[in-house]
Every structure is written in structure tokens, then in C-alpha cells.
Amino acid sequence: MNRKRKSGMERKMERQYFLIVLPGFVIFTIGLIIPTILAFRYSLTSWDGLSAEKPFVGFQNYVNLLHDSNFLQAWGFTILFTIGNTVIQNVCALLFAVALDSGIRLQKVYRTIFFIPCLISSVIVGFIWLKMYSNVLPEFNEIFGTNINFLLFGSSSTVLPGLLIANNWQWIGYWMLIYLAGLQSIPAELYEAAKVDGAGAFSRFKNITLPMLAPSITICVVGITTGSLKVYDLLVSSTGGGPGRASTSVILHTYNTAISGRQYGYGSAMSVSLVIVLLLVALIQVKSLRSREVQQ
Amino acid sequence: MKKKLLSLMLGTTMAASLLAGCGGTAAAPAAGNAAAETSAAEAEAPAAEEPVAEATAAAPDEAVTLTVLAGQSTTDAGIEDMIDAALAEKYPNITLEWECVGWDGEFHPKMQQYLQTGVPDIIIGKGQDVATYSSLGILNEIDSTYTDRVLDAANENVTFDGKIYGLVYNALYQGVYYNREMFKENGWDIPKTQEDLQAIIDDCNAKGITPFASHMVDTWSIGNVTMQFMMNDVFNKNPKWGDDFRAGKVSFSEDADAQTCYQYNKLIYDNTFPETFSLEQTDCDAKMVLGEAAMKVSGSWSIQNFLDIDENFDFGIFPFPNQTGDSKLIFEPNIAIMTSSSTEHQDAINCVLDVLTSDQDLAVEIYDYTKTAPMLKGVTPTYPNPSQQDIDKYAADGMVVDVNLGNNQLVWGGFQDENAADIAAWLQGDETFEDCLAASDARVDASSSSTN
């Protein structure tokens with residue numbers, strides 16, 4: 001009797017979940033899934049995006065991608081940018097959150113200051129840091145008589161660190177808030193019990209804080225990874241993908257190829273390959289999320 | 001099972017939302033000066049000036065709204081209000097529904113979109129766009145009533161199969177802007193050969209003056225100057241070089257003249273600000289005005305900055321010297337008005353063309369505002385341009401060449417701009433010169449402006 005009632009409740013809950021997801025899924029299907037299918041269709045052509053003819057070329061565009069050094073270079077930059085962001089933002093955001101959660105004075109003021117940059121459009125952030133590196137920071141050399149190279153966007157060897165600084169400056173405060181919320185939801189009794197048992201600060205952080213923050217970590221890792229893989233607007237307003245091609249991301253390269261370069265078919269192949277990678281990343285992340293839920 | 005389905009839906013939704021980000025070029029502004037630029041165009045088109053004609057189009061009886069897609073340079077933004085006001089006065093039944101976008105980054109994507117859904121009644125782009133879109137059969141021939149009001153030189157490179165598909169409204173000049181006072185103080189003459197130029201560069205370096213102002217952070221500026229070089233070292237010898245390139249007769253890897261043009265970028269890079277890859281155009285122009293550099297390879301779009309920073313800045317212009325010492329000043333048709341072949345309001349469109357080509361007050365207002373050279377016969381802007389005397393001289397000597405000769409053969413989007421990125425990578429040491437040339441050769445299929 002109980003099993004039957006529970007099963008009915010489950011079915012009801014699942015129906016509710018399904019209904020909640022359904023509107024979004026329909027919208028995304030019409031707006032994104034169908035275009036993705038069309039993109040795959042175009043990727044099998046050499047269409048220029050303008051003319052009526054869409055000559056079928058089979059999988060030639062995909063074969064060409066494997067030999068396209070510019071595309072591979074764009075992937076290289078995107079992966080490094082993503083790894084850099086994921087590591088730096090998570091570590092810094094967590095450390096800042098722990099610091100703010102420790103009961104320091106002016107906590108709300110610091111929290112606001114850290115959060116403000118993420119309210120600014122990435123396009124504006126790009127402009128800000130372009131000016132910072134080329135105009136504002138070099139003034140310090142003049143004032144203090146130093147010779148520090150602040151022109152990080154001006155060289156292919158320093159453009160990645162320069163962009164990481166700009167991107168992390170913008171987003172660390174946002175992820176810090178998520179960690180802070182996670183920290184504040186951890187019961188104080190756990191820490192008190194650990195203290196009674198003689199656990200030190202590091203031990204408490206490792207054995208209580210980190211495990212209890214697992215859902216927050218998952219959210220932050222997923223958000224930072226996907227945000228970094230999508231980077232476009234920051235680049236457009238700061239480096240334009242340069243110097244040369246040193247900061248060209250996959251999406252920027254795809255846009256330049258398909259739209260500006262009038263190689264819509266080839267650009268579509270780039271998009272499809274990107275979607276495949278993103279799907280893999282998304283599936284892994286969803287799986288990771290579920291496994292964490294099981295652990296808790 | 002349902003949880004799996006939900007997970008799959010969520011995962012797919014997430015991936016699809018990421019795809020949204022992957023959907024999805026140089027600010028080419030302008031300026032030039034009135035009288036001299038007109039005479040420059042006249043030098044190529046002895047057709048000469050004639051009084052602007054009176055209205056010739058029949059006003060519609062009923063209210064008509066025309067859609068307009070305007071791909072604008074930074075200096076063009078705002079002229080739509082001037083056109084609206086003039087149109088309302090003469091043809092109050094006609095309303096223009098403007099969609100103004102940046103020419104460099106948004107115009108062509110918009111056109112791609114409209115090619116699927118129907119193009120606007122009026123399309124405003126650059127002279128070089130006429131070749132691309134006329135080849136698609138989406139443009140109407142412009143009535144000779146209106147093209148006759150434009151300088152003949154402006155009509156040449158928007159004419160295909162004997163039909164004029166674009167109404168060129170204004171033009172830019174490109175070359176080497178120089179600090180006239182600095183040249184006078186140091187006794188430098190206008191260089192005609194590479195040796196002359198090198199002597200000035202050497203003297204600059206000896207005196208601690210930066211020879212060239214440049215802002216290579218804007219990759220488009222590299223592409224722009226490279227085409228300037230190509231015009232005087234490649235297309236002057238072989239006006240069909242682009243066609244020969246596609247036919248496999250010439251290539252960047254084998255053509256010494258084309259390679260020289262790429263090498264000129266190195267000459268500038270070696271003799272410019274060390275922060276050129278971090279320097280924006282406005283800051284670069286400011287340094288030029290403040291006397292930190294002697295020359296700048298650029299176009300009329302710098303004039304606005306020069307005069308905004310110092311209205312008394314005295315500058316001139318000369319063509320970048322080529323190998324043979326016979327360089328010409330570059331002339332670029334800028335605003336080009338095209339009309340849709342599928343429009344249902346051709347009469348109303350003609351009314352708009354009538355206003356644009358017959359209203360002298362409107363024309364002067366637009367030229368003064370954009371600081372560009374007029375392409376309408378008999379119209380003289382009133383804004384000051386210190387480089388005008390140089391332009392007049394080159395025009396009088398017939399030493400002016402239309403850059404659309406090159407731009408129509410080697411298209412900007414997907415070819416020139418991509419080559420510029422490779423040149424930048426080469427200058428940065430990330431590519432070899434040979435790789436840079438080979439990359440240009442490899443994108444030969446993307447070099448044509450024609451889509452057929």
C-alpha cells in the first residue's frame with residue numbers, strides 16, 4: 001500500500017518536473033536545437049551565406065577542419081583560457097568567500113566591491129582593461145620610475161595572462177557570492193564538534209568546508225567552464241582576437257569565418273564540432289552533479 | 001528512466017544555450033576636404049562639374065515607408081537625421097525606416113540575414129559592396145538621372161555589365177599624413193622613392209623622433225595600409241592581379257612585388273611606437289598631433305581626430321612611396337547607396353535619390369559633418385582641411401587612383417582582414433614570413449567579391 005502511494009507521488013513529482021522543464025525545452029528546441037540541426041545541414045555544403053546555391057560537399061568541411069591551423073590555434077587558446085579561468089576563479093572566489101565568512105569588519109562593503117564588476121557588460125570590461133594596460137597602468141611607471149611591462153594585450157606572449165586578469169576581475173565576485181552562500185549554510189555545530197575533537201583550521205576546511213561546499217563547487221565549475229568556452233564579447237572589445245591570432249577563441253574564429261569571411265558552410269562545421277565538444281562537457285558535468293548528489 | 005530523460009533534456013538545453021554564443025571588421029571612417037577632393041575626382045573624370053539638377057522624381061500620392069539598412073562608418077552616424085529632415089520637407093509622404101549598423105562588423109551579417117528574408121528597399125554600404133551584392137542580382141540599376149549628378153570617377157567602379165548599381169555619395173583619401181611643421185623644421189622634402197623615405201626615417205631615428213604613428217592593435221589598420229601598398233606596387237603594374245591570383249598565374253609566395261608590400265608593414269613596425277599593438281587609433285592620432293611621430297599611413301578618417309585634438313594642427317598627405325617612385329594618392333568611394341531589385345516602391349526610392357543628389361544644402365551639411373570629399377557635382381563643403389592643397393596637387397597631376405580596383409578583386413571580409421591577422425602574427429614573431437605568404441595564397445577561394 002505504501003509502495004503504491006509512494007510510486008504515485010513520484011509519478012506526480014516527475015510530471016511536475018516535466019511540466020516545469022517543458023516550456024524552456026520547447027523554446028530552446030525552436031530557437032536553438034532546430035538551428036543546430038540546420039547548421040549541421042549547412043556544414044555539409046560550401047555555402048557562402050549569400051547565394052542561393054548550397055553546393056553539397058559531404059564531410060569535406062570536417063576533414064578541412066582537422067588541417068586548419070587557425071582553427072586548432074583557436075581551440076588551443078580557448079582551452080588555455082578556460083583552464084586558467086576555472087582554476088583561478090574557483091580558488092580566488094573560494095578564498096575570498098572564506099575570508100568574508102570569517103567575520104571580518106565591513107564584510108558587506110567588501111562583498112559589494114567584489115560584486116560590482118560582474119554588473120558591467122563584458123564589452124565594457126574589454127574596453128576598460130584595454131585602457132588600463134595601454135594608458136592607466138603605464139602612468140605608474142612614469143610616477144614611480146619603474147619599468148614594468150603593462151602592455152599585456154600588445155604581445156602574443158602576454159595577451160592570455162592579460163585577458164585572464166580582466167576576466168577574473170569581472171567574475172570572481174560573482175562566484176564568491178555563491179561560495180559565500182554555501183559557506184553560510186554549513187551548520188556551525190559541525191565546526192564546534194570538530195574543534196572539540198581537536199581538528200585544526202586546515203583540517204576543518206578540508207574535512208568539513210570542502211565536502212559541504214560540493215554543490216557550490218559544481219555550480220561554479222560548470223558556470224566558469226561554460227562561460228569561458230563561450231568567450232567572445234570580451235575579446236571583441238579588447239584584443240579583437242590579436243595580436244595576430246593569439247587571442248582568437250573558437251567562437252570568434254567561427255564568427256569571422258562564417259559571417260565576415262562568407263564561408264557559412266565551413267563556419268557551420270566549426271559550430272557543429274564545437275557543439276559536440278560542449279555536449280560532451282555538459283554530459284560529464286551533469287553526471288558529476290548526480291554523483292555528488294548521491295554522495296551527500 | 002524519466003530522470004534520465006530529464007537529465008538528457010537539461011543537458012541538451014545547456015549545450016544548446018552554449019551554442020547561442022557561437023552564432024553570430026576596420027572602422028573605416030572618412031574625411032577629406034571639399035574643393036580639392038572634388039577636383040581630385042575631376043582629375044580622373046574630366047566630365048567636370050555641372051549645376052545640380054532640380055527634382056525629377058514624382059512624389060507618391062499615398063504615404064510610403066521605405067526600409068533602409070545603413071552600414072555606417074563611425075563618422076557617418078547621424079546623417080540619417082539630416083536626410084529625414086530634407087526628405088520630409090520635399091516629399092512629406094515618404095518615411096524612411098532606418099536600421100543603422102556598423103559597416104565593419106554588422107553590415108554584412110545583416111545583409112546575410114536579409115538575403116533570406118528579403119532585402120530592404122535601400123541599402124547603404126561602401127563602394128566595394130556594390131560588386132558583392134550586384135553579383136547576387138538583388139540590386140536595381142540606379143537611374144541615370146541620379147548617377148549623372150555624380151562625378152564620373154565615382155561611377156567607374158560601381159558599374160558592372162554597363163549598369164551602375166551604386167550611387168557613390170562621398171569619398172576618402174588615403175596615404176601618408178605628415179606633420180608639415182616638423183617636415184619644414186627638419187628640411188625634409190616629400191619622399192617619392194623608398195630611398196627618400198628611408199632617409200627621413202633615418203633622420204627621425206637620429207633625432208629621437210618616432211618616424212611612424214601606428215595603431216596595430218586594430219588589425220584592420222594593417223589590412224588597410226597593405227592594400228594601399230598593393231595599389232602602388234602591384235595593381236599599378238598589373239591591374240588584373242587579383243583575377244590572375246585566382247587564375248593561378250600569380251601568388252603571394254612568388255610575386256616579389258606583393259612580398260614587398262607585406263615587408264612595408266615590417267618597415268613601419270620597426271619604426272613606430274613600441275606599444276603599437278596596444279595603442280588605439282584615438283591615442284595614436286593624439287601622439288601624431290602632439291609631435292611624437294612624423295608620419296602616419298592612414299586615411300581621411302584621421303582628420304576628424306587631428307582637428308578635434310588641435311584645430312590648428314598643420315598636416316599634409318602624400319602617397320606611400322613605391323619601388324618605382326610613381327605612387328598615387330589613394331581615393332576610396334565611401335558611402336554607396338544601393339536599391340533593391342525587389343522593391344515595390346521604386347518611385348519613392350527615386351524621390352529619396354532625388355533629394356540626396358539635388359539638395360545642395362543637405363549635401364554640404366553631410367560633407368561638413370562627415371568631413372569627407374563630395375562626389376556630387378557642383379557641391380563644395382566648407383570644413384577646413386590642411387591636407388587639401390596636397391590633394392589638389394596630386395589630383396591636378398592625375399596622381400590619384402581608386403582603391404576599389406583592388407578591393408573589388410581582393411575582397412576585404414575573409415581575405416584582406418585575414419591576411420592582416422597573419423601579417424600581425426608575422427610581425428609578432430608567431431609566424432614566419434613564408435607561412436604568412438602561404439596563408440594568403442591558401443585562402444585564394446575566399447578572395448573574390450563575387451559570389452557566383
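Looking at the structure I just gave you, is residue B:395 assigned to a helix (DSSP H, G or I), more than 14 Å from chain A (Cβ to nearest Cβ), open to solvent by less than 30 Å² (accessible area, probe 1.4 Å) and at negative phi? Walk me through it before giving the result.
On the way: assigned to a helix (DSSP H, G or I): yes; more than 14 Å from chain A (Cβ to nearest Cβ): yes; open to solvent by less than 30 Å² (accessible area, probe 1.4 Å): yes; at negative phi: yes.
Taking the combined requirement at face value, the residue satisfies it.
Quick one: is residue A:174 in a helix (DSSP H, G or I), under 19 Å from the mean Cα position of the chain (by Cα), of a type outside the set (A, V, I, L, M) and away from chain B (no Cβ under 14 Å)? For residue A:174, the condition - in a helix (DSSP H, G or I), under 19 Å from the mean Cα position of the chain (by Cα), of a type outside the set (A, V, I, L, M) and away from chain B (no Cβ under 14 Å) - is met.
Restricting the stretch A:151-166 to residues that are open to solvent by 40 Å² or more (accessible area, probe 1.4 Å) and more than 19 Å from the chain's Cα centre (by Cα) leaves a set whose member that is farthest from the other protein chains (Cβ to nearest Cβ) is A:157. The residue pairs whose first member lies in the stretch A:246-258 and is more than 8 Å from chain B (Cβ to nearest Cβ), whose second member is of a type in the set (A, V, I, L, M, F, W, C) and not in a helix (DSSP H, G or I), and whose beta carbons are closer than 7 Å, counting only pairs six or more residues apart or on different chains, are A:249/A:231. Among what's in the stretch A:21-75 and is farther than 21 Å from residue A:278 by Cα, open to solvent by less than 40 Å² (accessible area, probe 1.4 Å) and among the hydrophobic types (A, V, I, L, M, F, W, C), pick the residue that is nearest to the chain's Cα centre (by Cα). The selected residue is A:47. Any idea how many residues of the stretch A:82-139 are away from chain B (no Cβ under 14 Å), farther than 21 Å from residue A:233 by Cβ and not aliphatic (A, V, I, L, M)? So the answer is 13. Residues of the stretch A:16-55 that are of a type in the set (Phe, Trp, Tyr) and within 29 Å of residue A:262 (Cα to Cα): A:28, A:40, A:42, A:47. Against the numbered list (1) open to solvent by less than 20 Å² (accessible area, probe 1.4 Å); (2) out of contact with any helix residue (DSSP H, G or I) (no Cβ under 9 Å at 6 or more places or on another chain), residue B:102 comes up short only at (1). Which one is nearest to the chain's Cα centre (by Cα), of the residues in the stretch A:223-235 that are assigned to a helix (DSSP H, G or I) and at the interface with another protein chain (Cβ under 8 Å from one of its Cβ atoms)? Looking at residues that are assigned to a helix (DSSP H, G or I) and at the interface with another protein chain (Cβ under 8 Å from one of its Cβ atoms), I get A:226. Restricting attention to the stretch B:69-126, the residues that are part of a loop (DSSP other than H, G, I, E, B) and farther than 28 Å from residue B:137 by Cβ add up to 7.
For the stretch B:184-235, enumerate the residues that are of a type in the set (Gly, Ala, Ser), open to solvent by less than 10 Å² (accessible area, probe 1.4 Å) and part of a helix (DSSP H, G or I). Scanning the stretch B:184-235 gives a single hit, B:223.
Here residue A:70 meets each of (1) in contact with a helix residue (DSSP H, G or I) (Cβ under 9 Å, 6 or more places away or on another chain); (2) within 23 Å of residue A:182 (Cβ to Cβ) with one exception, condition (2). Every condition in (1) at pLDDT 90 or above; (2) open to solvent by 50 Å² or more (accessible area, probe 1.4 Å); (3) farther than 21 Å from residue B:275 by Cβ; (4) small (Gly, Ala, Ser) is met by residue A:122 except one, and the failing one is (2). Among the residues of the stretch B:420-436, the ones that are more than 8 Å from every other protein chain (Cβ to nearest Cβ), assigned to a helix (DSSP H, G or I) and open to solvent by 10 Å² or more (accessible area, probe 1.4 Å) come to 3 in all.
What is the one condition in (1) within 14 Å of chain A (Cβ to nearest Cβ); (2) at pLDDT 85 or above; (3) crowded, with 19+ Cβ neighbours inside 10 Å; (4) not in a helix (DSSP H, G or I) that residue B:449 does not satisfy? Result: residue B:449 passes all but (2).
The values are calculated or read from the model by the stated rules, or taken from the named source; none is laboratory data. Computed from a predicted structure; not experimentally measured. Cβ coordinates were reconstructed from backbone atoms using ideal geometry, including for glycine residues, and neighbour counts include every protein chain displayed. Ligands, DNA and RNA are excluded from the accessible area calculation, which covers all protein heavy atoms including side chains. Shrake-Rupley method; radii C 1.70, N 1.55, O 1.52, S 1.80 Å.
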